[in-house]
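Below is one structure, written out as structure tokens; comments come after it.
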Amino acid sequence: MDYSLLIYVLGAFIVSLVTQYLVIDLSHKKGIFIDDHNSTLPQKLHSEPTPRIGGMGIFLAILFMAKDLELGLYIILSIIPAFLAGFLEDLFAKISPLRRLLIMSVSVGMIIYLRDAVVTNFVVFEAPYWLGVVITTIAILGLINGTNMIDGFNGLSSGVCFLIFSTYFAISIHLGDHVLAYISLICMAAILGFLIFNFPLGKVFLGDGGAYSLGFLLAVLSIMIVKRNDQISPWFAMVCLIYPVWEVIFSFTRRTLVHRLSPLYPDSKHFHQLIFRNITKQNNPKTTLFIYPIVILFNSLALFFYNNTTALIIISFGFVASYSIFYLIFSRREINGQKV
């Protein structure tokens, strides 16, 4: 890796950090970009007015990946619609979930067209290209929403993304893929500038713009790291992403089949919210710190077994089983104890 590129990584960190500071200062002075702390929406856990456009700093910081003309520039071009879909919602709160989904789909179409970010090899079968496009589109949109679903606690969504990007950086260095190593570092630097203000005190929130951007970045890097490196099992990315991936699959299934609700609207029954109410006794930062070791464990296992598909499949199902058992136990306790 060309270590002169670390100057750009430092630049990404500084841009993110300074932007967060300016957003916080401007928001409180002018009373703009503020998340309503009196809202009754289920994800609202803060008690003070807080700016919700931290995603702006992250977006500006990742522009530094344009230094890489092989992949970075195309990622930036593709991410713009997804970022705008969330950012405009952060500003006006008037864009329906369906419209946001359609705008995100433009980002998916762009990265598929520009960099052929399509998965066809699923180990158990080789999909025809058209089916790969369909599956890839659903997967990217799902991960974008999964990243947004685990948002709501200080440092949770952004911290989980930081840990996954650090795993991608480590495996990229190990395999000599310096392009993906650089892009991963830019993502980590952008997130770190945000986390300094977000965790543990929550001075600024990620917002939909930030969550959608990070979800899109995770999805694209997950696809490209497997496509560019034959040594890596396709299930490597699945294990790294297993928490947000299973969160969105489980939540969509639970809402549609069990509660007969739209899967596109939020509720207060997510995994992290059960931990918040039942284990950390409604402590926001402690809830995040409870989940970090889980993510670290599974990402460490992914690194250790990165080319062992059988082991990675077993690990994935181990997470699914553990998550489901935990959820069943604590959701029943809440029902029996009349906690909703």
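Could you list which residues have their amide H under 5 Å from that of THR50, counting only those 5 or more apart in sequence or on another chain, with H placed in the peptide plane?
For THR50, whose amide H was placed from the backbone, the distant partners under 5 Å are ASP35, HIS37.
Which of the helices in the chain, when you take each full DSSP H run, stretch at least 20 Å along the axis at their Cα atoms and have an average Kyte-Doolittle score of -0.5 or higher?
Qualifying helices, which must be both long enough and hydrophobic enough, are 6-30, 72-92, 97-115, 129-149, 156-175, 178-198, 207-227, 284-304, 309-336.
Could you tell me whether segment 113-190 comes out rounded, prolate or oblate from its Cα gyration tensor? Rule is a ≥ b ≥ c as square roots of the eigenvalues, rounded for a/c under 1.5, then prolate if a/b exceeds b/c, otherwise oblate.
oblate
In the structure shown, do any of LYS67/LYS94; LYS94/LYS227; LYS30/LYS281; LYS29/LYS286 have a Cα-Cα gap over 32 Å, and if so which?
LYS67/LYS94; LYS94/LYS227; LYS30/LYS281
With a sphere of radius 10 Å drawn around the Cβ of PHE33, what net charge do the other residues whose Cβ falls strictly inside it have (Lys, Arg +1; Asp, Glu -1)?
Overall, the nearby charge balance is 0.
Using +1 at the Cβ of each Lys and Arg and -1 at the Cβ of each Asp and Glu in the chain, identify which of ILE183, TYR292, MET56 lies farthest towards the dipole's positive end.
Positive-end residue among those listed: TYR292.
So who's got an amide H within less than 5 Å of the one on ASN307, skipping anything under 5 residues away but keeping other chains? H placed 1.01 Å off N, in plane.
SER233
Coordinate-derived values only; no laboratory data. Predicted model, so just to flag it, every value in this text is computed and none were measured. Positions of Cβ are generated from backbone atoms using ideal geometry, with glycine treated the same way; all protein chains shown enter the neighbour counts.
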